[in-house]
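The next block holds one structure in the form of structure tokens; read it before the comments.
The values are calculated or read from the model by the stated rules, or taken from the named source; none is laboratory data. Note that the structure is a prediction, hence the values are computed from the model and not measured. Every residue, glycine as well, gets a Cβ built from its backbone with ideal geometry; the counts of neighbours run over all protein chains shown.
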């Protein structure tokens with residue numbers, strides 16, 4: 001009788017051990033999915049440089065290459081990704097933070113399957129989150145890793161606390177500037193703030209609204225030279241996009257130019273940039289940091305005192 005009871009306990013013990021192992025495998029698979037998600041923060045020194053428009057069309061170009069893309073509109077003051085896409089978000093990240101909605105419930109789908117999360121006022125609430133709310137938010141955001149390959153974060157312009165939090169948390173940054181002197185000066189100010197915390201960050205520069213390729217290259221070289229000399233960092237040239245009136249026409253149509261004018265020079269330029277980003281992720285020299293790392297770094301940075 002004692003032998004039977006002993007055998008029964010061993011069987012139960014083995015079943016529990018097997019269940020724990022299976023749970024660990026599932027958890028590991030989720031973590032792996034999150035680690036393969038690329039989180040790219042798109043920012044600028046000043047507003048009106050075409051940052052949001054670029055982010056949307058870059059996302060569509062990546063989708064065209066077979067990837068799943070989610071955009072987080074994190075411009076607290078002038079969020080306009082939804083306007084450019086012709087969408088009306090009913091809920092924002094604030095509803096997730098307050099446990100009123102799940103992330104799945106606030107995501108809206110746009111053209112070609114691109115997904116949008118509206119940050120809304122929810123991002124301002126991050127600084128006052130309880131430990132339970134933080135864990136809930138992280139759990140929600142980590143689910144994105146199963147459903148998306150790229151998360152593009154469209155920040156506000158400038159160097160306020162929210163923008164710097166996204167910049168510091170992301171391992172990849174796209175800094176958008178135009179040939180205008182004020183835009184270049186403000187872009188350099190962003191660079192200075194980046195290197196205060198991390199000189200190893202990957203910073204790619206996009207020159208938007210250039211008259212020609214040479215003008216774009218000249219602007220990049222000047223910015224890169226100043227960054228090397230005074231900040232001791234190397235910038236990467238992401239590309240040059242030409243000034244094109246079809247961009248403003250597409251905004252009026254509330255239809256991204258990659259869809260409304262697919263054969264335009266600006267559309268082809270964005271497609272080349274998307275291919276470049278994908279090729280870098282497929283190379284052995286590129287390391288994807290993943291969504292999990294981004295979330296933890298962002299929460300930590302946001303809750304730090306200014």
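Within the range 219-232, can you find the residues that are exposed (fewer than 12 other Cβ atoms within 10 Å of the Cβ) and either within 18 Å of residue 55 (Cβ to Cβ) or in contact with a helix residue (DSSP H, G or I) (Cβ under 9 Å, 6 or more places away or on another chain) (or both)?
Scanning the range 219-232 gives a single hit, 232.
Just a yes or no: is a residue in the range 34-43 closer than 21 Å to residue 149 by Cβ, modelled with pLDDT under 85 and part of a helix (DSSP H, G or I)?
Yes; the residues of the range 34-43 include at least one that is closer than 21 Å to residue 149 by Cβ, modelled with pLDDT under 85 and part of a helix (DSSP H, G or I).
Looking at the range 244-256, which of the residues that are under 26 Å from residue 181 (Cβ atoms) and crowded, with 17+ Cβ neighbours inside 10 Å is modelled with the lowest pLDDT?
The selected residue is 251.
Given (1) farther than 16 Å from residue 54 by Cβ; (2) surrounded by fewer than 15 Cβ atoms within 10 Å (Cβ to Cβ), where does residue 235 come up short, assuming only one miss?
Looking at each condition in turn, residue 235 falls short on (2).
Which numbered condition in (1) at pLDDT below 80; (2) part of a loop (DSSP other than H, G, I, E, B); (3) surrounded by fewer than 18 Cβ atoms within 10 Å (Cβ to Cβ) is the only one that residue 47 fails?
Condition not satisfied by residue 47: (1).
Kindly provide the set of residues from the range 200-218 that are under 17 Å from residue 233 (Cβ atoms), out of contact with any helix residue (DSSP H, G or I) (no Cβ under 7 Å at 6 or more places or on another chain) and in contact (Cβ under 8 Å) with a residue 12 or more places away in the chain, ordered by number.
Once the filter is applied, which keeps residues that are under 17 Å from residue 233 (Cβ atoms), out of contact with any helix residue (DSSP H, G or I) (no Cβ under 7 Å at 6 or more places or on another chain) and in contact (Cβ under 8 Å) with a residue 12 or more places away in the chain, the range 200-218 yields 202, 204.
Return yes or no: is residue 70 buried (at least 17 other Cβ atoms within 10 Å of the Cβ), at pLDDT below 85 and more than 14 Å from residue 53 (Cβ to Cβ)?
Here the answer is no, as residue 70 does not meet what is asked.
Where residues in the range 265-297 are part of a loop (DSSP other than H, G, I, E, B) and either crowded, with 18+ Cβ neighbours inside 10 Å or in contact with a strand residue (DSSP E or B) (Cβ under 7 Å, 6 or more places away or on another chain) (or both), which of them is modelled with the highest pLDDT?
Checked the range 265-297; the qualifying residue modelled with the highest pLDDT is 290.
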